[in-house]
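The values are calculated or read from the model by the stated rules, or taken from the named source; none is laboratory data. Computed from a prediction, not measured in an experiment: that's the story for all the values here. Cβ: placed from backbone, ideal geometry, glycine included. Neighbour counts: every protein chain shown.
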Amino acid sequence: MSAATMIQTADDALLDVEHLTMRFGGLLAIDDLSFTARVHEITSIIGPNGAGKTTVFNCLTGFYKPTVGRLRLCHPDKGEYYLERMEGFRIAQVADVGRTFQNIRLFPKMTVLENLIIAQHNRLMKASVFALAGLLGLARYRVAEKAAVEKAKFWLDRVNLTARADWEAGNLPYGDQRRLEIARAMCIAPCLLCLDEPAAGLNPRESLELNELLLSIRDEQGIGILLIEHDMSVVMGISDHIVVLDHGRKISDGDPAFVRNDPTVIRAYLGEAEDGEGADA
Amino acid sequence: MSEMTTSHKAASASAVSVIARDTLLTAVVALVLAVPFIGLKSDSVGTALTLVTRWPLMLAMVGAVAAGRVLVSLWRLRSAAKAQRATAHTAAGDAKASLAAWGNSHMKAIGFAGFALAVVLPFLPFSNRYVVDIGTTFLIYVMLGWGLNIVVGLAGLLDLGYVAFYAVGAYTYALISTQAGWSFWVCLPLAGTFAAMFGLMLGFPVLRLRGDYLAIVTLGFGEIIRVILMNWVDFTKGPDGVSGIPRPSFFGAPFSRSAPEGVTTFSDLLGIEYSSMHRVVFLYFLILALAAITNLFTLRMRKLPTGRAWEALREDEIACRSLGINPTNVKLSAFALGAMFAGFAGAFFATRQGFVSPESFTFMESAIILAIVVLGGMGSQLGVVLAAFALVVLPEWFREFEQYRMFLFGAAMVAIMVVKPTGVMGHREPTIRLHPVGKSKKPEAAR
Ligand SMILES: Nc1ncnc2c1ncn2[C@@H]1O[C@H](COP(=O)(O)OP(=O)(O)O)[C@@H](O)[C@H]1O
Ligand SMILES: [Mg+2]
């Protein structure tokens with residue numbers, strides 16, 4: 001592939017995926033995938049259904065152990081982590097990788113605010129000294145909780161959910177649930193945010209708002225975003241860098257203009273997508 | 001107009017046919033079951049075994065089942081119509097104040113009133129030894145319900161072997177006090193600690209299990225503990241049980257008519273006449289205090305990161321992991337703390353009875369405690385109290401119906417699950433609010 005030559009293993013890399021391979025029994029879900037994601041950039045992973053996009057996320061966030069490959073995260077403040085060697089929850093706890101799910105996974109019976117507070121569990125746990133300071137009602141814990149609420153308020157405001165902060169998350173309209181899940185992932189203070197089809201099921205206006213939200217997160221928070229998306233208008237509009245997967249293999253990698261005009265992509269993917277877009281409009 | 005009536009008629013006609021079909025099906029199933037269970041009865045006349053038939057009784061029973069099915073169908077129909085009307089004008093639906101909603105908005109007041117009532121109960125004019133004894137039993141189950149509520153109601157880990165920790169607490173006190181002579185007040189924290197350690201012991205192997213599989217393993221764990229108590233005769237005295245367990249003292253002052261040299265009895269200490277009621281009332285207040293501590297602890301814990309993580313784990317374990325929450329710690333802390341309170345209750349049980357044997361810790365006890373939690377509404381502290389009252393105190397009052405106890409038990413379970421699947425008080429109060437209740441706009445307030 002000519003696209004393979006586009007990989008740069010520059011020093012500003014946030015995430016270096018090298019030779020990632022994931023096999024489920026006889027099925028090769030990801031086949032020798034390598035790419036790089038950078039800070040201050042939105043890196044999109046696109047490809048038809050079943051191409052292996054979600055599987056890449058599941059490998060990154062520790063839900064699957066890759067069959068082969070190295071996932072190197074260069075945390076801007078903390079140093080290097082090899083994600084493939086870390087236990088699932090520690091990837092979020094220590095390496096600060098946040099994610100959302102293709103099928104929204106909120107805590108449906110808990111309120112919107114509680115969802116955001118739980119995301120700050122580890123910091124609060126430390127402040128409460130394993131619940132002791134909390135049980136005794138020490139100031140140390142109360143201050144920490146207040147800070148957590150302030151952070152939650154900030155993100156509630158950003159995703160337009162302040163008025164519904166005390167609603168049960170499961171009762172929110174679909175679009176609100178998607179945005180809440182993003183806000184919740186942001187509350188762990190990630191350096192890399194992985195979003196699995198965040199625009200799925202949104203109407204065009206909500207989709208537009210989502211674009212703006214993602215761009216502002218990229219610019220203000222100084223983090224890297226990894227985005228799985230089907231909607232070409234979203235992908236082409238906000239991505240800095242696109243990786244195209246097909247049947248687990250990378251078929252193209254570059255900026256939107258490059259990918260849009262890559263003949264391999266047009267043959268394998270955009271041909272189908274154009275039909276899809278026609279149907280959407 | 002006429003069109004509407006015809007469509008209405010058609011709808012009701014189809015409803016009638018559905019009900020008729022359901023009723024017939026139910027009656028057939030009931031009949032199949034009733035023939036061997038009720039219709040035919042073996043009776044021994046002298047040494048011979050004869051078969052007695054009871055056809056009329058059987059038909060009456062089948063008729064009763066069919067009638068019950070009709071009632072359930074009608075009730076379903078009515079509530080479906082009601083739900084439809086409610087969605088038609090949501091405001092009315094929102095304003096509908098259920099018992100749970102009312103209970104939640106007055107939770108503090110209800111809690112204080114209940115506690116005050118519990119405190120004055122032994123001094124009320126009608127209170128005799130019998131009433132205080134029932135009150136003590138009731139409070140034991142309330143405490144166990146609250147303890148199990150941590151595991152099942154908050155953390156969502158279905159535990160069918162909870163009685164094992166109750167047994168560990170009871171035997172810890174029974175054995176240490178009879179063998180080493182340590183006092184109740186030293187043994188109480190030990191009983192809690194041991195039970196918590198057993199909670200961890202159960203927790204480790206079941207970390208990866210959920211739902212049905214977890215239920216089966218915890219059920220097995222409960223039985224293992226009982227079988228060990230039964231068979232390790234050298235240590236636990238087996239089926240004979242441990243007797244002569246010291247009764248609690250009032251911080252050193254025993255509840256007895258006379259005491260050995262150098263020890264003041266409780267009645268002498270207060271300069272009042274000796275009465276056997278003193279100990280009963282003291283035990284009552286002891287369990288009241290223990291239960292109150294359990295409740296306060298849980299209420300406080302719910303608002304702390306650990307407690308919130310329990311509930312988050314119940315809601316979605318995968319989401320928890322994606323937020324950097326260690327599910328192992330969350331599960332183990334729930335098992336250990338839930339078990340700890342069962343351990344305290346067990347030590348109390350041992351000192352109250354003065355005797356423990358494996359018979360007190362059968363699966364039936366686990367089932368009752370779990371029923372209290374589920375019927376009350378998973379996670380609701382007030383629900384546990386109401387359910388414990390229904391399952392422990394009411395059967396005590398209606399002793400004449402002893403043989404129907406299990407039947408009523410099952411009927412109550414089914415009824416609650418049909419009428420209100422989330423339990424009597426199945427409504428969750430948020431642990432933190434951004435908008436205080438009074439000020440928030442209508443939709444949120446009515447939730
Ligand atoms: N846990 C699993 N076990 C077996 N096969 C899996 C598993 N997860 C994903 N796959 C398979 O891997 C392939 C890629 O899936 P996925 O990553 O979900 O695709 P998508 O690009 O649509 O997100 C699919 O063929 C899917 O069936
Ligand atoms: Mg997917």
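Exactly one of (1) in contact (Cβ under 8 Å) with a residue 40 or more places away in the chain; (2) more than 14 Å from the chain's Cα centre (by Cα); (3) within 16 Å of ligand 2 (Cβ to nearest atom) is unmet by A:Asp196. Its number? Checking A:Asp196 against (1) in contact (Cβ under 8 Å) with a residue 40 or more places away in the chain; (2) more than 14 Å from the chain's Cα centre (by Cα); (3) within 16 Å of ligand 2 (Cβ to nearest atom), the one that fails is (2).
Out of the residues in the range A:56-70 that are β-branched (Val, Ile, Thr) and within 15 Å of ligand 1 (Cβ to nearest atom), which is nearest to B:Asn326 (Cα to Cα)?
Taking the candidates together, the pick is A:Thr61.
Of everything listed in (1) among the basic types (Lys, Arg); (2) within 16 Å of ligand 1 (Cβ to nearest atom); (3) without any contact (Cβ under 8 Å) to a residue 40 or more places away in the chain, the single unmet condition for A:Lys53 is (3).
Candidates A:Ala147, A:Ala185: the one that is under 21 Å from the mean Cα position of the chain (by Cα) and aliphatic (A, V, I, L, M) is A:Ala185.
Checking the condition within 23 Å of A:Asp255 (Cβ to Cβ), more than 14 Å from every other protein chain (Cβ to nearest Cβ) and either among the basic types (Lys, Arg) or out of contact with any strand residue (DSSP E or B) (no Cβ under 9 Å at 6 or more places or on another chain) (or both), which residue from A:Arg85, A:Arg38, A:Arg70 passes? That would be A:Arg38, the only listed residue that is within 23 Å of A:Asp255 (Cβ to Cβ), more than 14 Å from every other protein chain (Cβ to nearest Cβ) and either among the basic types (Lys, Arg) or out of contact with any strand residue (DSSP E or B) (no Cβ under 9 Å at 6 or more places or on another chain) (or both).
Every listed requirement among (1) free of Cβ contacts under 8 Å to residues at least 60 places away in the same chain; (2) touching a helix residue (DSSP H, G or I) at 6+ places or on another chain (Cβ under 6 Å); (3) more than 8 Å from chain B (Cβ to nearest Cβ) is met by A:Gly137 save one, (2).
When residues of the range A:54-67 are filtered for being away from chain B (no Cβ under 14 Å) and within 13 Å of ligand 2 (Cβ to nearest atom), how many remain? Count: 2.
Based on what the data block shows, is A:Phe35 within 16 Å of ligand 1 (Cβ to nearest atom), part of a loop (DSSP other than H, G, I, E, B) and farther than 30 Å from B:Arg433 by Cβ?
Values: within 16 Å of ligand 1 (Cβ to nearest atom): yes; part of a loop (DSSP other than H, G, I, E, B): no; farther than 30 Å from B:Arg433 by Cβ: yes.
Against the criterion (within 16 Å of ligand 1 (Cβ to nearest atom), part of a loop (DSSP other than H, G, I, E, B) and farther than 30 Å from B:Arg433 by Cβ), A:Phe35 does not qualify.
Could you tell me which residue of the range A:106-134 is farthest from the other protein chains (Cβ to nearest Cβ), considering only residues that are surrounded by 15 or more Cβ atoms within 10 Å (Cβ to Cβ) and of a type in the set (D, E, K, R)?
Residues of the range A:106-134 that are surrounded by 15 or more Cβ atoms within 10 Å (Cβ to Cβ), as a first pass: A:106-125, A:127-128, A:131, A:133-134.
Right, trim to of a type in the set (D, E, K, R) and you get A:109, A:114, A:123.
Numbers: A:Lys109: 6, A:Glu114: 6, A:Arg123: 9 Å.
Among residues in the range A:106-134 that are surrounded by 15 or more Cβ atoms within 10 Å (Cβ to Cβ) and of a type in the set (D, E, K, R), the one farthest from the other protein chains (Cβ to nearest Cβ) is A:Arg123.
Count of the range A:150-190 residues, restricted to those that are more than 13 Å from chain B (Cβ to nearest Cβ) and out of contact with any helix residue (DSSP H, G or I) (no Cβ under 6 Å at 6 or more places or on another chain), is 6.
Within the range A:237-244, is even one residue modelled with pLDDT of 90 or more, surrounded by 24 or more Cβ atoms within 10 Å (Cβ to Cβ), away from ligand 1 (no atom under 16 Å from the Cβ) and closer than 21 Å to A:Ile30 by Cα?
Initially, the range A:237-244 is screened for residues modelled with pLDDT of 90 or more, giving A:238-244.
Now restrict to residues that are surrounded by 24 or more Cβ atoms within 10 Å (Cβ to Cβ): A:242-244.
Keeping just the survivors that are away from ligand 1 (no atom under 16 Å from the Cβ) gives none.
Taking every residue of the range A:237-244 in turn, none turns out to be modelled with pLDDT of 90 or more, surrounded by 24 or more Cβ atoms within 10 Å (Cβ to Cβ), away from ligand 1 (no atom under 16 Å from the Cβ) and closer than 21 Å to A:Ile30 by Cα.
Of the residues B:Ser17, B:Ser79, B:Ser12, the single one that is at pLDDT 85 or above, farther than 30 Å from B:Met143 by Cβ and hydroxyl-bearing (Ser, Thr, Tyr) is B:Ser17. In the range B:186-219, what residues are of a type in the set (Gly, Ala, Ser) and in contact with a Ser or Thr (Cβ under 8 Å, 6 or more places away or on another chain)? Correct list: B:Ala191, B:Ala195.
Listed by position, the helices (runs of 4 or more DSSP H) inside the range B:340-447 whose residues that are among the aliphatic types (A, V, I, L, M) and at pLDDT 75 or above number at least 1 are B:363-376, B:381-388, B:394-397, B:405-419.
In this structure, is A:Ile251 touching a Pro at 6+ places or on another chain (Cβ under 7 Å) and either in a strand (DSSP E or B) or within 16 Å of ligand 2 (Cβ to nearest atom) (or both)? Before you say what the answer is, go through the steps one by one.
Values: touching a Pro at 6+ places or on another chain (Cβ under 7 Å): no; either in a strand (DSSP E or B) or within 16 Å of ligand 2 (Cβ to nearest atom) (or both): yes.
In short, no.
The helices (runs of 4 or more DSSP H) found wholly in the range B:98-149 and carrying at least 3 residues that are over 23 Å from B:Thr294 (Cβ atoms) and modelled with pLDDT under 85 occupy B:99-105.
Here B:Ile245 fulfils each of the conditions (1) more than 10 Å from chain A (Cβ to nearest Cβ); (2) at pLDDT 80 or above; (3) not in a loop (DSSP other than H, G, I, E, B) apart from (3). In this structure, B:Ala215 does not satisfy being over 23 Å from B:Ala164 (Cβ atoms), aliphatic (A, V, I, L, M) and in contact with an Asp or Glu (Cβ under 9 Å, 6 or more places away or on another chain).
For the range B:388-397, state whether one or more residues are touching a Gly at 6+ places or on another chain (Cβ under 6 Å), under 25 Å from B:Tyr130 (Cα atoms) and more than 14 Å from chain A (Cβ to nearest Cβ).
Restricting attention to the range B:388-397, the residues satisfying the condition of being touching a Gly at 6+ places or on another chain (Cβ under 6 Å) are B:388.
Still in the list and also under 25 Å from B:Tyr130 (Cα atoms): B:388.
Restricting the remaining residues to those that are more than 14 Å from chain A (Cβ to nearest Cβ) gives B:388.
Yes: one or more hits.
Taken over the range A:89-100, residues that are buried (at least 22 other Cβ atoms within 10 Å of the Cβ) and more than 7 Å from chain B (Cβ to nearest Cβ) amount to 5. In the range A:9-53, the qualifying residues are those that are surrounded by fewer than 21 Cβ atoms within 10 Å (Cβ to Cβ) and hydroxyl-bearing (Ser, Thr, Tyr), and the one that is nearest to ligand 2 (Cβ to nearest atom) is A:Thr21. All of A:Met22, A:Met86 fail the test of being without any contact (Cβ under 8 Å) to a residue 40 or more places away in the chain and farther than 13 Å from A:Cys194 by Cα, apart from A:Met86.
Here the range B:323-352 is the region considered, the condition is being under 30 Å from B:Val186 (Cα atoms) and facing chain A (nearest Cβ under 10 Å), and the residue that is surrounded by the fewest Cβ atoms within 10 Å (Cβ to Cβ) is B:Asn329.
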